[in-house]
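> The structure under discussion is supplied below as structure tokens; questions concerning it will follow.
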2 protein chains.
Amino acid sequence: MTDATAAERLRDSALGDDLSFLLARANVLSIAAGNAALAATRLRVRSYSVLALAGSEARPNQREIAEFLRLDPSQVVTLVDDLQKRGLVDRAPDIADRRTKVILATEEGHRVLVLARSAVIEAERRLHSNLSDAERETLAELLRRLAFTGA
Amino acid sequence: MTDATAAERLRDSALGDDLSFLLARANVLSIAAGNAALAATRLRVRSYSVLALAGSEARPNQREIAEFLRLDPSQVVTLVDDLQKRGLVDRAPDIADRRTKVILATEEGHRVLVLARSAVIEAERRLHSNLSDAERETLAELLRRLAFTGA
DNA sequence: TATTGTTATACTCTATAACTATA
DNA sequence: TATAGTTATAGAGTATAACAATA
């Protein structure tokens, strides 16, 4: 009746081989570790992802960020507002279509991104330490297939 | 500059091989599909997991449910309250320790669980249709290692 | 007419602390 | 003193609808 036994009973009897549940539980741990690792930069995993896209070569607009991160456009407004207030990103006008705003990391944004990224990578390494590099790559490939399914 | 191209640019340039991000995105899709599939039973993925544990042989108490699902004990109170109001689970007293309450599915709970489970399985099958059975098993095994890491 | 970004709003989920009853 | 469950509350995340500017 110890703790370990309870967890084992539950793992064996229900949900333990349900992909959705495993995905959810792995994700909860991942978010917790990510937010903890990002605390020093005052980012969270959500704002970090936006900053990472803004700092990439892709020059995304808000709608593209929303679709890629599976967020509602209105959520992206809030996230970008916050990053912009902190001077980490800018809303650049798109010459071709004046409705759209391209989100770009500022110099300061790039500096913070470097710190944030290494913190995240370090946290992941710790969290995934019981997977080999090959296993991690397999996992990434399989998740990519799920994550970018038609829907 | 079409949609597909934007997504591809983003996938290639940032986050696209970040395990945490892939996990998060796959999970968002999984939750959305799960909630949609469960709509007819008026469950959500969260209450479904609790009901599934209550309907298992494991006879978990609330604290065990909280730890297994990585929820706060107070969240489990709310979830169980709701399921109990609907007559799907009971709080059974533990003879050995009168503080703890064992959560058990009622007959009606088991009936609903059967429907819910098949809806969830069907939704997963659709969502994971581009993985082979072997790949799905590999994915489950790797996720299990992440999901039940020490932390 | 349709789309991008925005505002407003409500709902769900998550996190914390304090309380009770038992141990 | 510590633990299981509970209550209260605030904060983060999610979903929807309506609107202005532009296409």
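> Looking only at the stretch A:55-73, which residues are under 20 Å from B:Ile31 (Cα atoms), surrounded by fewer than 16 Cβ atoms within 10 Å (Cβ to Cβ) and acidic (Asp, Glu)?
A:Asp72, the sole residue that qualifies.
> Could you list, in sequence order, the residues of the stretch B:46-80 that are in contact (Cβ under 8 Å) with a residue 40 or more places away in the chain, of a type outside the set (Phe, Trp, Tyr), within 11 Å of chain A (Cβ to nearest Cβ) and within 13 Å of DNA strand C (Cβ to nearest atom)?
Correct list: B:Val50, B:Asn61.
> So which residues in the stretch B:79-115 are among the β-branched types (Val, Ile, Thr), within 21 Å of B:Asn35 (Cα to Cα) and near DNA strand D (Cβ under 7 Å from one of its atoms), if there are any at all?
Scanning the stretch B:79-115 gives a single hit, B:Val80.
> Separate question: Can you give me the number of residues within the stretch B:126-136 that are surrounded by 11 or more Cβ atoms within 10 Å (Cβ to Cβ) and assigned to a helix (DSSP H, G or I)?
Looking only at that region, the number is 4.
> Output the number of residues of the stretch A:2-32 satisfying the condition of being touching a residue at least 24 places away in the same chain (Cβ under 8 Å) and surrounded by fewer than 23 Cβ atoms within 10 Å (Cβ to Cβ).
1
> Of these, B:Val80, B:Val89, which one is surrounded by 23 or more Cβ atoms within 10 Å (Cβ to Cβ), modelled with pLDDT of 95 or more and in contact with a helix residue (DSSP H, G or I) (Cβ under 7 Å, 6 or more places away or on another chain)?
Exactly one of B:Val80, B:Val89 is surrounded by 23 or more Cβ atoms within 10 Å (Cβ to Cβ), modelled with pLDDT of 95 or more and in contact with a helix residue (DSSP H, G or I) (Cβ under 7 Å, 6 or more places away or on another chain), namely B:Val89.
> Answer yes or no: is there a residue in the stretch B:95-118 that is modelled with pLDDT of 95 or more, within 16 Å of DNA strand C (Cβ to nearest atom) and within 15 Å of the chain's Cα centre (by Cα).
Scanning the stretch B:95-118 turns up at least one residue that is modelled with pLDDT of 95 or more, within 16 Å of DNA strand C (Cβ to nearest atom) and within 15 Å of the chain's Cα centre (by Cα).
The values are calculated or read from the model by the stated rules, or taken from the named source; none is laboratory data. Predicted model, so just to flag it, every value in this text is computed and none were measured. As a convention, Cβ positions derive from the backbone with ideal geometry for all residues, glycine included, and neighbour counts pool all protein chains shown.
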